[in-house]
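Presented below is the structure to which this report refers.
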Amino acid sequence: MVKVVDGRLVEHPILKFNRGKEVTIYFNGKPIKAYEGETVAAALYASGVRIFSRSFRWHRPRGFFCAIGKCSACMMEVDGIPNVRTCKVYVRDGMQIKTQSGFPNAEKDFFGVMDKLIDRIFPHGSQYTKFNNKIFREMLISRLRSFAGFGNAPKVEFSGNADYEEIECDVLVIGGGPAGMSAAINAGKYGAKVLLIDENPNLGGQLVKQTHRFFGSAKHRAGTRGIKIAKILEEELRKIPNVDIRLETKAFGIYGKIVGAVEKSKLLRIIPKKIVVVTGAYERTLIFENNDLPGVYGAGGVQTLMNVYGIKPGNRGLIVGSGNVGLILSYQLLQAGVEVAAIVEAMPRIGGYFVHAAKVRRLGVPIYVRHTIIRAIGKDHVRGAVIAQLDDKWRPIPGSEKKIDCDFICVAVGLSPTHELLYQAGCKMKFVPELGGLVPLRTKFNETSVEGIYVAGDVAGIEEATSAIMNGRIAGIHAVIALGLGGEMAKKELKESLRDLEEFRAGPFGERIICGIEKCILAKEVEI
Amino acid sequence: MRVAIIGAGIAGLATAYFLAKEGIKVEVFEQKFLLHGASGRNSGGITAQFDDEELIKLAIRNEKLYDKLQSEIGFNFLLRKDGYLKLANSIEELGRIELQRKFGLKVKIMEAEEVRNIFEDINTEAFKFASFYPKGAIVFPWAVIWGLAKGCKDLGVKIYDFTKVEIVAEDGKVKGVKSGEFHEADVVVNAAGAWSKEINDKLGIKEEKRIIREEICVTESIKPYIDPYILHASEGLFLSQSMRGEIVGGIVGKSDGGMTSSLDFLIRYAKLVTRLVPKLKGLAVLRQWAGIYDETLDGKPKMCFSEIKGLYQLNGFGRKGMSIGLACAEIASKEILKFTQEE
């Protein structure tokens with residue numbers, strides 16, 4: 001049995017949580033216990049805080065959601081600085097945290113009634129089309145202004161240093177997940193000067209949440225847990241002296257031959273010869289009533305909370321989606337002592353591997369296929385859900401509704417590539433459903449339509465970690481060959497790596513991917 | 001009588017609106033989408049603090065037209081008159097204050113310290129003098145274009161977007177415009193902003209003009225607390241806070257170039273803006289973009305018929321389009337009406 005103290009997992013069958021010194025932070029003036037090494041959002045969650053902010057127009061509650069600084073639900077004022085994403089900031093003793101929206105605060109917000117009223121009294125677009133008389137118009141404009149804006153104006157001057165560094169390198173790798181580490185290793189080992197940047201404080205990308213063992217052949221690290229694979233790759237990477245690793249570094253733009261990035265509070269102006277974009281994927285969400293309630297999460301948010309910070313996400317969860325992510329997450333929840341009420345799946349059969357499904361079924365979790373979630377129940381956060389059966393045309397069958405008791409809902413319905421940087425860099429993109437959404441056109445060596453920009457991993461098409469590693473290898477080696485490095489050895493390895501990938505995808509699960517890739521392969525081929 | 005207008009920016013749409021009100025049949029042609037040009041990319045500052053009699057008069061008329069058109073069309077441009085604050089390192093760089101006062105502008109000259117009464121967080125060491133024009137304003141440029149387009153459509157004006165046209169002229173006289181299909185017109189208005197030179201070049205009309213690229217960025221939103229539009233004339237820095245609370249700012253353009261954004265702009269802007277308002281340090285930039293505009297050598301707009309009969313030039317607004325565009329369009333529409341009556 002997993003021991004839980006103050007909302008935190010103390011003993012876990014696989015993971016070990018090393019918590020730092022106990023500190024006290026203040027949330028809207030109220031003292032809250034936290035441990036060094038925890039983010040503010042995680043510490044608040046552990047202490048039972050569920051509402052982190054309010055939505056702008058309807059004042060609907062917003063809570064912990066993505067855990068990786070991508071959504072804006074956890075923005076608060078921290079020590080006088082507004083709009084701080086509290087899931088990315090670590091606790092410090094005495095830290096003053098205030099919610100920014102709602103009156104008097106986000107948790108108890110009198111403006112919560114707006115949810116029911118505002119569409120009646122001030123329908124969307126009223127600011128343009130109503131109050132056209134000069135006096136009313138000017139009154140409206142000045143009133144509107146007092147409602148606008150998130151977060152107070154800064155009360156103190158930001159204390160961070162604003163440093164600046166210019167870096168020239170042969171290969172810039174944007175993203176330190178499995179594909180990125182693999183690209184950096186394979187470019188670095190042939191002597192290229194590599195810079196690898198990642199926005200997170202640790203390498204490994206999504207592997208750090210994957211406590212399960214991988215499948216496939218031994219050559220591809222099957223039987224090893226995801227977290228262990230991340231460690232192995234990182235060790236290999238750190239052994240190469242010509243690879244510079246910058247963590248907590250976010251690339252924000254590819255401006256022709258220059259890449260802009262921020263390393264903590266330092267601005268980087270990077271001038272790379274080749275760029276490998278390995279930015280991974282976003283979690284998709286699903287449309288159902290109340291899907292914005294605190295307690296409706298993506299699988300990633302729950303995994304971060306539970307596996308990285310060791311915080312119990314809730315007592316009883318409903319999982320939507322029976323792909324591998326949904327199945328593995330269910331198992332991880334059970335491991336952490338959290339009940340799984342059910343798994344629902346819209347398709348007529350389970351999406352993930354049979355072994356995973358069998359494992360959760362053995363532990364007594366019902367899997368409802370041809371079912372979907374209709375709505376989440378609750379006012380401030382999730383207190384239940386309604387599911388229903390679907391007919392052949394994907395419509396809910398009246399009368400088949402079933403109420404599920406749960407205090408959180410996990411939406412694990414797949415991923416979409418994080419394609420923004422590629423789009424901005426001018427790469428030709430295409431919508432390919434088999435690959436999860438908008439993906440770049442690429443050669444078989446993973447070079448996009450913009451010369452010198454490569455892709456690998458989920459951003460090139462949603463697949464999984466093993467093929468991400470193989471694709472990173474192809475991109476990394478091709479980049480060094482294009483730079484005139486590596487000689488015959490690199491060319492030989494490039495051919496071998498292409499063959500490896502082909503073999504790996506030969507199985508039944510690769511069929512869909514191959515079909516998707518055929519749709520976005522660039523005819524232009526650079527023969528080596 | 002038919003009028004074809006090239007360019008669905010503030011000048012083109014306002015001209016179309018004024019003409020349609022007089023019962024003229026008008027068609028507007030936009031090469032891309034509405035807001036693609038400078039009217040959709042500027043920062044919405046409106047002032048009359050100019051150094052030329054004609055420009056000051058146009059700007060004063062323009063202020064009145066904003067009020068009139070919003071009520072008439074029934075669409076709010078989210079215009080707020082919180083003043084225009086011009087900063088400079090020397091009193092000369094503030095421009096011709098006496099001239100401005102002569103035409104009735106209540107411009108207030110201040111020393112740096114006094115400016116803190118208008119905006120407390122300003123760093124008084126970053127400039128020496130300021131001229132404050134209380135009737136200066138900030139407008140949401142998109143709403144201006146949406147509103148004018150609505151006004152035009154209500155009056156039966158056809159607006160064609162994604163329609164790049166060429167002017168058809170014969171024997172020194174315009175016949176209409178063509179984009180695949182031919183649209184007959186007695187008058188063609190070149191209100192294509194930064195693209196007006198390209199149109200004139202094709203017709204062999206020579207003009208001295210510069211195409212200037214300017215970059216802007218927007219931060220995340222915070223509670224509105226910067227009221228006036230601020231322009232640091234010596235450094236070319238400008239900023240204001242939008243209705244949604246974002247800090248919108250940029251650097252006055254100097255050179256030409258395309259519409260791509262640059263990292264160098266962002267770095268320079270960040271340095272300048274945090275020197276002027278130190279508390280903006282640490283605020284995240286959400287978006288950046290670039291736009292282009294056309295500027296004449298004397299800085300005054302072109303609004304006149306040109307050597308080809310029936311071709312009206314309405315361009316060369318430089319950075320002043322939002323401040324004088326409506327007034328210029330009003331003059332243009334009157335001259336076009338006169339032309340049609342004479343014909």
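Data for the structure
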quantity	calculated
Antiparallel bridge percentage (DSSP; both residues within chain A; nearest 5)	55 percent
Average partner coverage of B:54-61, which counts Cβ from other chains inside 10 Å	0
Within straight-line cross-link reach of residue A:21, aspartates and glutamates at Cα separation under 20 Å, skipping those fewer than 8 residues along the same chain	A:6, A:11, A:36, A:38, A:93
Sparse-neighbour loop sites [GluC sites (Glu not before Pro); the stretch A:294-401; at most 16 other C-beta within 10 Å; DSSP]	A:401
Within the accessible area of chain A (1.4 Å probe), percent carbon and sulfur	55 percent
Angle between chain B longest axis and helix B:10-21 axis [Cα atoms, degrees, rounded to 10]	50 degrees
Charge dipole magnitude, Cβ of K and R +1, D and E -1 - chain A, Cα centre, debye nearest 20	1060 debye
For the stretch A:296-413, share of DSSP beta bridges that run antiparallel, in % to the nearest 5	40 percent
For the stretch B:106-121, Karplus couplings with θ = phi - 60° (6.51, -1.76, 1.60), whole Hz, Gly/Pro x	8, 8, 9, 8, 10, 8, 3, 4, 5, 5, 5, 6, 8, 9, 5, 7
Contact surface A-B: accessible area buried, both sides summed, square angstrom, 1.4 angstrom probe	3000 Å²
Quotient of Cα Rg and 2.2 N^0.38 Å for the stretch A:4-147, N being how many residues it contains	1.32
Chain B: Rg to Rh, with Rh as the Kirkwood radius over Cα pairs	0.98
CD proxy at 222 nm, helix term only [per DSSP H run n ≥ 4: -39500 (n - 2.57); per residue of chain A; nearest 500]	-7500 deg cm²/dmol
Portion, in percent, of the accessible area of the stretch B:1-53 that falls on carbon or sulfur, probe 1.4 Å	46 percent
The stretch A:4-147: relative contact order as a whole-number percent, Cα under 8 Å and 6+ apart	22 percent
Two-decimal log10 I(q)/I(0) for the stretch B:1-80, as the Debye equation yields it once each C-alpha is a single scatterer, q = 0.17, 0.18 Å⁻¹	-0.85, -0.95
From phi via Karplus (6.51, -1.76, 1.60), per-residue ³J(HN,Hα) for the stretch A:480-485 in Hz, x at Gly/Pro	5, 4, 5, 8, x, 9
Probe 1.4 Å, protein heavy atoms only - accessible area per residue of the stretch A:4-147 in square angstrom	50 Å²
Cα-based shape type of the stretch A:296-413, given that a ≥ b ≥ c are square roots of the gyration tensor eigenvalues and the cut on a/c is 1.5	oblate
With 20 Å bins from 0: P(r) over the protein assembly as shown, alpha-carbon pairs, percent	13, 38, 36, 12, 0
Unit charges at the beta carbon, dipole of the stretch A:4-147: most positive-side option, A:111, A:95, A:144	A:144
At least 20 Å² of accessible area lost relative to the chain alone, listed for the stretch B:222-259 with a 1.4 Å probe	B:222, B:223, B:224, B:225, B:243
Neighbour cut-off at most 15 other Cβ (10 Å), DSSP loop, GluC sites (Glu not before Pro), the stretch A:435-528	A:451, A:525, A:527
Using alpha-carbon coordinates, inclination of helix A:134-147 to the longest axis of chain A, degrees	70 degrees
Cα centroid of the stretch A:360-410 to Cα centroid of the stretch B:69-83, whole Å	49 Å
Mean accessible surface per residue for the stretch A:310-447, computed with a 1.4 Å probe while every protein chain stays in place, in Å²	42 Å²
3J(HN,Hα) from dihedral phi, the stretch B:215-225, Karplus parametrisation 6.51/-1.76/1.60, rounded to Hz, x for glycine, proline	10, 9, 9, 10, 8, 5, 8, 10, 3, x, 8
Other protein chain Cβ atoms within 10 Å, averaged over every residue that makes up B:65-72	2
Using alpha-carbon coordinates, inclination of helix A:324-335 to the longest axis of chain A, degrees	60 degrees
Alpha carbon centroid spacing (whole Å) that separates the stretch A:68-121 from the stretch B:98-115	42 Å
Under-27-angstrom lysine pairs by C-alpha in the stretch A:281-405, whenever the two are 8 or more apart or on separate chains	10
Neighbouring partner chain Cβ atoms per residue of A:257-270, average, 10 Å criterion	2
Per-residue [θ]222 nm for chain B (sum of -39500 (n - 2.57) over DSSP H runs n ≥ 4, rounded to 500)	-9500 deg cm²/dmol
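The values are calculated or read from the model by the stated rules, or taken from the named source; none is laboratory data. Predicted model, so just to flag it, every value in this text is computed and none were measured. Heads up, the Cβs are rebuilt from the backbone with ideal geometry, glycines too, and the neighbour counts pull from every protein chain shown. Accessible surface is based on the protein model in full, side chains and every heavy atom, while ligands, DNA and RNA are left aside. Shrake-Rupley method; radii C 1.70, N 1.55, O 1.52, S 1.80 Å.
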